[in-house]
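Asks: First the structure, which I've put down as structure tokens, then a few questions once you've had a look.
The values are calculated or read from the model by the stated rules, or taken from the named source; none is laboratory data. Keep in mind that what you see is a predicted model, and the values were worked out from it rather than measured. Backbone-built Cβ (ideal geometry, glycine too); neighbour counts: all protein chains shown. To get the accessible areas, we keep the full protein, side chains included, count just its heavy atoms, and leave off ligands, DNA and RNA. Shrake-Rupley method; radii C 1.70, N 1.55, O 1.52, S 1.80 Å.
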Amino acid sequence: MLEMDSDRPRLCCLQKLGFNIPVIVAVANGIMGRDALTDEFKEVKWGALFGGFDDEEYARNINEGIVLTIGYLPGLKVEAIPLLRPQKTPQAPCIDNFVMDIKGYSASVSGRPFPVGIILFGEANSDMKLVLEKLDYAMPMDTVVVGDERGSFVYTSGNDSTNICGRKRSTEAVALVFAQDRNRSSGNIQFHVALSNGVSAVGVRYKTASVISKNTDSSTWLTARREGQHEVLDGQSILLDINDLLENHIESPDLYIGVIKHRKYSIGAEKPMPRTCIAYHGVVGGDEEYLYVDGIGIKTADIFQFYHSDPNTALASITEVNDALKNIKLGRNSKSFKGDGDKDINVFGGLIFACYGRGESFFGRHNVDSSPFLENFPGVPLAGIFCGGEMVRPCTTLIGQCHEASPVSCCLHVYSSVYLVMSYIPPSLEY
């Protein structure tokens with residue numbers, strides 16, 4: 001359940017549905033859904049807040065709204081599990097506890113420690129990169145993880161004990177966890193995910209020469225060498241090279257660096273295991289000393305490349321997502337779907353997590369991000385939000401990935417749209 005303003009929708013939902021139903025109310029940068037009055041599907045982003053809520057012109061022009069998503073998923077158990085972090089406590093052990101809470105809940109209701117899927121909501125001031133990297137390490141490839149990196153939320157769990165959060169600890173994220181019901185007797189619900197990429201690589205690769213992490217404002221200052229060369233470059237020199245390559249662009253795109261990280265991960269007392277992933281960091285600027293980027297976690301000798309927002313790449317990727325969703329519709333997405341398609345698989349709902357930088361201002365026309373789902377599954381319920389960071393991990397049901405996609409794991413994306421498609425396969429005739 002997603003909305004724009006207060007806690008009242010959560011309380012209303014609890015009163016109507018029962019207090020043992022997990023509910024998440026999240027503030028987003030915009031919403032997608034059907035208008036309650038006209039039944040028209042709309043993608044709406046909120047206007048920029050310049051004069052404050054008391055500004056009269058802002059009050060006349062602001063878009064506000066709520067998209068309400070209520071689901072009944074027979075055969076699955078659902079719970080909201082928080083990532084709690086006491087004051088002055090390092091993040092890593094709290095993430096370990098979070099992952100073990102998810103695995104413990106799944107084991108208690110399904111008999112296996114891994115859920116079918118997780119929808120994750122991060123707090124605005126939290127760094128979700130390590131959370132996703134550890135989840136990606138800990139979960140098997142058939143566990144779907146999607147969500148919004150940065151927002152604001154309140155939640156209610158079916159388990160009353162998880163709703164108690166004292167002043168001495170903060171909630172950095174909440175996971176809506178979907179686990180198989182060990183007692184299920186119905187068919188099989190499956191989650192499919194698709195990703196529309198919206199950035200393109202530009203320039204050569206670099207290797208970091210010096211790195212200064214600023215935990216106070218979650219930023220990194222760095223210098224770098226072009227890969228294979230010895231000269232150390234400052235931020236100004238690096239950005240001059242990149243801007244020269246982008247000089248033919250009509251508008252200045254948003255810039256990011258994609259950092260390839262070779263790290264070791266573990267949960268609890270496990271032996272750390274090597275893993276490689278890519279993490280995007282927004283470029284803030286550069287001067288005669290450093291290149292400045294958002295986020296921390298970069299180390300000396302890490303390899304990175306620049307990426308820029310690109311509507312043409314996004315449109316091409318949208319076409320691939322459309323084709324991939326069409327394959328789900330026809331029942332050809334995997335070997336388990338055989339026969340004449342519509343009798344084998346029934347898509348009953350979908351969610352979209354799209355970057356706030358996309359939408360009509362990015363594509364030049366409206367409802368582009370929602371079009372693959374609306375065209376393939378007309379009349380099927382669909383809702384979505386515009387995010388401050390789109391989360392999806394590589395998994396066995398990830399479809400629509402571009403052919404040039406890196407084999408390196410990436411869970412937190414920029415200028416992308418993530419599609420979660422839910423389908424139901426009825427019991428076989430033997431039942």
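Asks: With the checklist (1) open to solvent by less than 40 Å² (accessible area, probe 1.4 Å); (2) in contact with a Leu (Cβ under 9 Å, 6 or more places away or on another chain); (3) assigned to a strand (DSSP E or B) in hand, flag the one item Ile212 doesn't pass.
Replies: (1)
Asks: Here's something else I'd like to know. Considering Asp136, Asp96, Asp142, Asp101, which residue is open to solvent by less than 30 Å² (accessible area, probe 1.4 Å), among the acidic types (Asp, Glu) and closer than 30 Å to Ile425 by Cα?
Replies: Asp136
Asks: Let me ask something additional. Quick check, is Arg85 surrounded by fewer than 11 Cβ atoms within 10 Å (Cβ to Cβ) and either at pLDDT 90 or above or not small (Gly, Ala, Ser) (or both)?
Replies: No: the conditions fail for Arg85.
Asks: Kindly list the number of the only condition in (1) modelled with pLDDT under 95; (2) in a loop (DSSP other than H, G, I, E, B); (3) within 22 Å of Gln180 (Cβ to Cβ) that fails for Pro115.
Replies: (1)
Asks: Tell me, which residue of the stretch 124-152 that is at pLDDT 90 or above and part of a strand (DSSP E or B) is nearest to Cys395 (Cα to Cα)?
Replies: Val144
Asks: Somewhere in the stretch 91-104, is a residue more than 22 Å from the chain's Cα centre (by Cα) and modelled with pLDDT of 95 or more?
Replies: Yes, some residue in the stretch 91-104 is more than 22 Å from the chain's Cα centre (by Cα) and modelled with pLDDT of 95 or more.
Asks: May I ask you to verify whether Ser126 is hydroxyl-bearing (Ser, Thr, Tyr), farther than 25 Å from Ser266 by Cα and touching a residue at least 24 places away in the same chain (Cβ under 8 Å)?
Replies: When the stated conditions are applied, Ser126 does not pass them.
Asks: Oh, and also: For Ser108, which of the numbered conditions (1) hydroxyl-bearing (Ser, Thr, Tyr); (2) open to solvent by 50 Å² or more (accessible area, probe 1.4 Å); (3) outside any helix (DSSP H, G or I) fails to hold?
Replies: Here Ser108 clears every test but (3).
Asks: Go through the stretch 217-333 and tell me which strands (runs of 3 or more DSSP E), entirely inside it, have 3 or more residues that are open to solvent by 10 Å² or more (accessible area, probe 1.4 Å), in contact with a His (Cβ under 9 Å, 6 or more places away or on another chain) and closer than 27 Å to Arg150 by Cα.
Replies: 273-286
Asks: Just the residues that are under 22 Å from the mean Cα position of the chain (by Cα), of a type in the set (Asp, Glu) and closer than 17 Å to Asp302 by Cβ, please, taken from the stretch 217-276.
Replies: none
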